[in-house]
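**Q** Pasting a structure here, questions to come.
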Amino acid sequence: MCYDRSAQPQTAVVDAHLHFRPFGGPPVPFDEVMGYLRETGVFFVNIYGIGQMLPVDSPCTYYLDCPGTPVVPTLKNDFANASNLLASAPSDIHVTLAMTFPDLASPGEILTGMDLLEREYPYMFRWMGEVNLVKQALFNNDHQPVPLDSIAEWGPFMKRLRERDIPIAVHSDLGNDDEPTRYLPWIQEVLDLYPDNKVIWMHMGLSLELTSMPASEHIDLMKSLLDRHPNLMLDIAWRIIDDNYFSKGENQPLYVDFLNEYSDRILPGTDFLASSKKDFEVYRSELAVTSRINRFLDDEAFRDIALGRNYFRLMGLDYSAPPICGTED
């Protein structure tokens, strides 16, 4: 059957970036989040935890509410997600379970954590990330950029990821409004040292600290990196991308042209955080906003991004994105 874009939703059927666990406090129940997906027509999801949690005695659910409180790497959320999935695996939603525990500043410990998860939950974890390389929003919570020279020490766990064909999704801020490309060398180092790893750059490097970079400059940089690194993909999750770039001023046609041209290198997602303070309406709103640009994409790009063709190819899944009605497949 074909997909009728004039009558069917423009929202993505894949949420490749959804945090089932919060930074602190109780999460939205696992089955309830699965219900959000069914209600909105999302049939494929990456189950992220949060690799860095607030202390258990902290009253906060979000790190920005508690500057000065350390956010500490942990395996807890990965164990919780795997346990919940085993207890309540959906039959109608395809799930990819993600390892979010790695502390990239301590690469020598990552294989140990991977081995532990493999022993406890064999063959369940098929994704790594979101892992933080540079995240300015956490600087007030005892986080610093991973030392640039330590990226060369990632070899053992990156080799394991290659051997098992597991992608790694990296949060690496591009920069800030004062210095838009201040942290560009970090993601460049990863791509240069590990060209055979499947790397997904979260949020296209954008953040709340970088909201005023000219769209043309940002797009030219993305094109340059994609052209040089064939295993790189970009994640367009998080509503700040649409709020501050895709739908801002004269930017939209520039980004539509870019997404059409590089449509096979883009993954959709909401970056929803399943904190108990959020509910279905928040998820539905974030899916709508992060999918807003889909309606302007050409049919091939819509299939690649919104209908999941890129995700299926990346993960080697035996699914096909339907053709668009009125076109030949």
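Read-outs: derived from the displayed coordinates by stated rules, not from any lab. The structure presented is a predicted model; accordingly, all values stated were derived computationally and were not measured. Reconstructed Cβ throughout: ideal geometry from the backbone, glycine too, with neighbour counts over all protein chains shown.
**Q** Enumerate the amide H contacts of HIS17 below 5 Å, restricted to partners 5 or more residues apart or on another chain; note that Pro and chain-start residues carry no placed amide H.
**A** Under 5 Å from the amide H of HIS17 lie the amide H atoms of ASN46, THR270, ASP271, each far enough along the sequence or on another chain.
**Q** Now a separate question. Distance between the C-alpha centers of region 307-327 and region 130-179? Whole Å please.
**A** Computed from Cα coordinates, the inter-centre distance equals 29 Å.
**Q** Using only alpha carbon pairs under 8 Å that are at least six residues apart, calculate the relative contact order of region 14-301 and give it in whole percent.
**A** Value for region 14-301: 19 percent.
**Q** To the nearest 0.05, what FRET efficiency results for ASP165 and TYR319 with a Förster distance of 25 Å applied to their C-beta separation? Before the final figure, lay out the partial values.
**A** Working: r = 17 Å, r/R0 = 0.67.
Between ASP165 and TYR319 the formula returns 0.90.
**Q** Just how large is the dipole of the chain about the Cα centre, in debye to the nearest 20, putting +1 at every Lys and Arg Cβ and -1 at every Asp and Glu Cβ?
**A** The calculation lands at about 520 debye.
**Q** Taking 0.36 nm per intervening residue step and subtracting the Cα-Cα distance, what contour gain separates SER106 from ASP243 on full extension? Before the final figure, lay out the partial values.
**A** Numbers: separation 137, 0.36 × 137 = 49.32 nm, distance 3.44 nm.
Once the chain is fully extended between SER106 and ASP243, it gains 45.9 nm.
**Q** Nearest 0.05, what FRET efficiency do ASN231 and MET1 give at R0 = 45 Å with Cβ-Cβ as r? Don't skip to the answer; put the middle values down first.
**A** Values: r = 33 Å, r/R0 = 0.73.
It comes to 0.85.
**Q** For region 114-161, rounded, prolate or oblate, judged on the Cα gyration tensor with a ≥ b ≥ c (square roots of eigenvalues), a/c < 1.5 rounded, else prolate if a/b > b/c?
**A** The shape class here is oblate.
**Q** P(r) of region 14-301 in 10 Å steps, Cα pairs, percent per bin?
**A** Per 10 Å bin, starting at zero, the Cα-Cα P(r) for region 14-301 comes out as 6, 29, 38, 24, 3, 0 percent.
**Q** What does the charge count around ALA237 come to, taking other residues whose C-beta lies under 10 Å from its C-beta (Lys +1, Arg +1, Asp -1, Glu -1)?
**A** After counting each charged neighbour, the total is -4.
**Q** Using the structure shown, select from LYS135/LYS277; LYS76/LYS223; LYS76/LYS135; LYS76/LYS198; LYS248/LYS278 the pairs with a Cα to Cα distance greater than 28 angstrom.
**A** Flagged as over cut-off: LYS76/LYS223.
**Q** Report the calculated FRET efficiency for ARG284 and ASN140 (r = Cβ-Cβ distance, R0 = 30 Å), to the nearest 0.05.
**A** E(calc), rounded to 0.05, equals 0.45.
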